[in-house]
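Below is one structure, written out as structure tokens; the observations come after it.
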Amino acid sequence: MAKTPVQFRLNGSDKAVFVDGGENLLNVLRRGVGDMSAKYGCGQGTCGVCTVLVDGEPQLACLTLAETCAGRSVDTALGLSDGPNLHPLQTAFMEHFAAQCGFCTSGMLMAAKALLDRNASPTREEVAEAISGNICRCTGYEPIINAIMDAAAKRGGGSNREQGHARV
Amino acid sequence: MALTVKTFGSMSEAAAALASDRTARFISGGTLLMRAINEGDTSIGTLVRSTDTGYRQIRSDPSRVEIGAGARMVDILANRDLAFLHPAARIVGGPAVRAMATVGGNLFAGSPYGDFTTALLALDATVSIQAAYGGAQQMPLEQFLQSRDRSSGLVTAVTVSRPASPDAFRFRKVSRVKPKGVSVLSIAAHLPATGGRLSNARVAYGAMAPTPIRARAVERALEGRSLDAAGIAPALAAAAEGTTPATDALASAWYRREVLPVHLRRVLLGETG
Ligand SMILES: Cc1cc2nc3c(=O)[nH]c(=O)nc-3n(C[C@H](O)[C@H](O)[C@H](O)COP(=O)(O)OP(=O)(O)OC[C@H]3O[C@@H](n4cnc5c(N)ncnc54)[C@H](O)[C@@H]3O)c2cc1C
Ligand code: FES
Ligand code: FES
């Protein structure tokens, strides 16, 4: 079966890959371009560990037909940090022990980023809603919600460490 | 085995491509179809896509709203004119599912999915279909749902009338996990009243049959009645009539029937909780 060329932007860089017909974006990220940050959990849309942003919106990479990403921007957890400088969400996840086994973490980070990009000071309920499609079997969610609230507070609270970042 | 993906600029070309290939399926948001492909559904050989911009468009005027079948739940939620549909769009999956799941795909979602379609059914929606060859046709949603498994052709849009007043349209999804959880059942009701008496109420259930259904017995029992405990008693007694819910991992058929009148009462009396 013929492969189809697909070009898209991944974390700000142009990528061109050949995809199989019907291949999902998660496969293309992990096997095609070697970005292993989005995980494979269920392949059914239920667990959220494959959450990435497509043109800024959270999507489940396992259910996204790769060809629909042609010409679009995909952001993954791999693009969050700026060299050695972690993204404020990553720092907050560390400080609040929001990652135990870490399998859900990249999906949680991207779901949280999607929220904070639209809503800089969310309520606790809004945070819970934003990660409601992401399952965590370790933390009991509270540390994750605390971390996201803290990242929002620090970002909105006059800290300017964000300003040097190209993509936030 | 890799599939073939065919992309078309217009819905009529997509409809023709679909009709010419028995293994072809139309992909809209893909939340159900990609899941089937990931699970190894070998009956699917070709995916047909449309990049027709009209497929996603929402057009509204003071009395009616036409929603392109490709509009996603987030598109509904971003449209202030569609506030009456927000409660039904907001409860479809989590944020990522809502950024993918379309109105058109929801019409085909098997029970216990189809919450948004349940709301459309209570609003007396009409489905616009692009036939494989030739023209477009329109069909009441209720009729469409009865024949959807055999339907060829593509759904291009659904059209609904606005509710008589904001309070006249109510929607409730019952799930075990909040805020995101699959439906135990859902209920939508359009309850127009004159002088405190209901006339032409429309009540629809999700997850109480293989497709969303109208609750005809409830609608009849509400005719001319008022929305108070005494007025709705006959409707509650008839709540489960005509339902054939499934037993699944979320609830047994018995449980669904048992809790249905409780939630119907809350919808009709405007109670929360
Ligand atoms: C984690 C998760 C949670 C979910 N939660 C809910 C929920 O709470 N409530 C709910 O109702 N659903 C839920 N769903 C199911 C699903 O996401 C929705 O029903 C959605 O609206 C389906 O639309 P889609 O565009 O993704 O469909 P697709 O997967 O693209 O298509 C589904 C089917 O419909 C056909 N089809 C789609 N569009 C057309 C068209 N225009 N013309 C003809 N045929 C068409 C396709 O060929 C396919 O057979 C959930 C799914 C997941 C993965
Ligand atoms: S792997 Fe995509 S949602 Fe679980
Ligand atoms: S940290 Fe293990 S699943 Fe969330």
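Loop by DSSP (not H, G, I, E, B), at most 11 other beta-carbon atoms within 10 Å: where is the longest site-free stretch of chain B for trypsin sites (Lys or Arg not before Pro)?
B:23-175
How much mean residue ellipticity at 222 nm does chain B get from its helices, if each DSSP H run of length 4 or more adds -39500 (n - 2.57) and you divide by all residues, to the nearest 500 deg cm²/dmol?
Computed mean residue ellipticity for chain B: -7500 deg cm²/dmol.
Among the trypsin sites (Lys or Arg not before Pro) within the stretch A:1-37, which fall in a DSSP loop and have no more than 16 other Cβ atoms within 10 Å of their own Cβ?
Numbers: sites: A:LYS3, A:ARG9, A:LYS15, A:ARG30, A:ARG31; in loops: A:LYS3.
Within the stretch A:1-37, the qualifying trypsin sites (Lys or Arg not before Pro) (loop, at most 16 other Cβ atoms within 10 Å) are A:LYS3.
Once you have the alpha carbon radius of gyration of the stretch B:1-109, what is it after dividing by 2.2 N^0.38 Å, with N set to its residue count?
It is 1.15.
Plugging the Kirkwood radius over Cα pairs into Stokes-Einstein for chain B, at a temperature of 20 °C and a viscosity of 1.002 mPa s, what D comes out in µm²/s?
Details: Rh = 19.2 Å.
The Stokes-Einstein estimate is 111 µm²/s.
Can you divide the C-alpha Rg of the stretch A:88-164 by 2.2 N^0.38 Å and report the result to two decimal places?
1.01
Mind checking the alpha-carbon convex hull of the stretch A:2-55 and giving the volume per residue in Å³?
85 Å³
In whole Å, what are the extents of the stretch B:4-50 along the principal axes defined by its C-alpha atoms, from largest to smallest?
Principal extents (Cα only, largest first): 29, 20, 13 Å.
Assuming a viscosity of 0.890 mPa s and a temperature of 25 °C, what translational diffusion coefficient in µm² per second does Stokes-Einstein assign to the stretch B:128-273, Rh being the Kirkwood radius over Cα pairs?
148 µm²/s
Regarding the stretch B:54-161, what is the average projected area of its C-alpha convex hull, in nm²?
6.5 nm²
Go from 0 up to the bin containing the longest alpha carbon distance in the stretch B:168-220, width 10 Å each, and give me the % of pairs per bin.
24, 44, 24, 7
Chain A: percent of C-alpha pairs farther apart than 23 Å? Can you show the working numbers first?
Details: 5169 of 14028 pairs.
Tail fraction, whole percent: 37.
What is the dipole size for the protein assembly as shown, taken about its Cα centre, with +1 at each Lys and Arg Cβ and -1 at each Asp and Glu Cβ, in debye to the nearest 20? Spell out each step's value before the answer.
Values: 46 positive and 38 negative charges, 86 e Å.
My answer is approximately 420 debye.
For the stretch A:1-44, with all protein chains present and a 1.4 Å probe, just round the carbon and sulfur fraction of the accessible area to a whole percent.
Working: 1050 of 2290 Å².
The C+S portion of the solvent-accessible surface of the stretch A:1-44 is 46 percent.
Just want to confirm a number: the relative contact order over the stretch B:4-50, from Cα pairs under 8 angstrom separated by 6+ residues, in percent.
Numbers: 55 pairs, mean separation 27.8, N = 47.
Computed over the stretch B:4-50, the figure is 59 percent.
Give me the Kirkwood hydrodynamic radius of the protein assembly as shown in Å, from all C-alpha pairs, to one decimal place?
One over the average 1/r among Cα pairs gives 23.1 Å for the protein assembly as shown.
Which value at 222 nm does chain A reach when only helices count, each DSSP H run of 4 or more adding -39,500 (n - 2.57), with the total divided by all residues and rounded to the nearest 500 deg cm²/dmol?
After summing the helix terms and dividing by the residues of chain A, the value is -8000 deg cm²/dmol.
Only four residue types carry charge here, +1 at the Cβ of Lys and Arg and -1 at the Cβ of Asp and Glu. Report the dipole size of the stretch A:1-113 about the Cα centre in Debye, rounded to the nearest 20. Walk me through the numbers before you get to the answer.
On the way: 8 positive and 10 negative charges, 38 e Å.
Dipole of the stretch A:1-113, to the nearest 20 debye: 180 debye.
Whole Å is fine, so just give me how far the alpha carbon centre of the stretch B:118-158 lies from that of the stretch B:170-212.
21 Å
Which residues, if any, in the stretch B:93-121 lose at least 50 square angstrom of accessible heavy-atom surface (probe 1.4 Å) when the other protein chains sit next to their chain rather than the chain being alone?
Listed in order, they are B:PRO95, B:ALA96, B:MET100.
The values are calculated or read from the model by the stated rules, or taken from the named source; none is laboratory data. All values derive from a computational prediction rather than experimental measurement. When we count neighbours, we look across all protein chains shown, and the Cβ atoms used for this are built from the backbone with ideal geometry, even at glycine. Heads up: the accessible areas ignore ligands, DNA and RNA and are worked out on the full protein's heavy atoms, side chains in. Shrake-Rupley method; radii C 1.70, N 1.55, O 1.52, S 1.80 Å.
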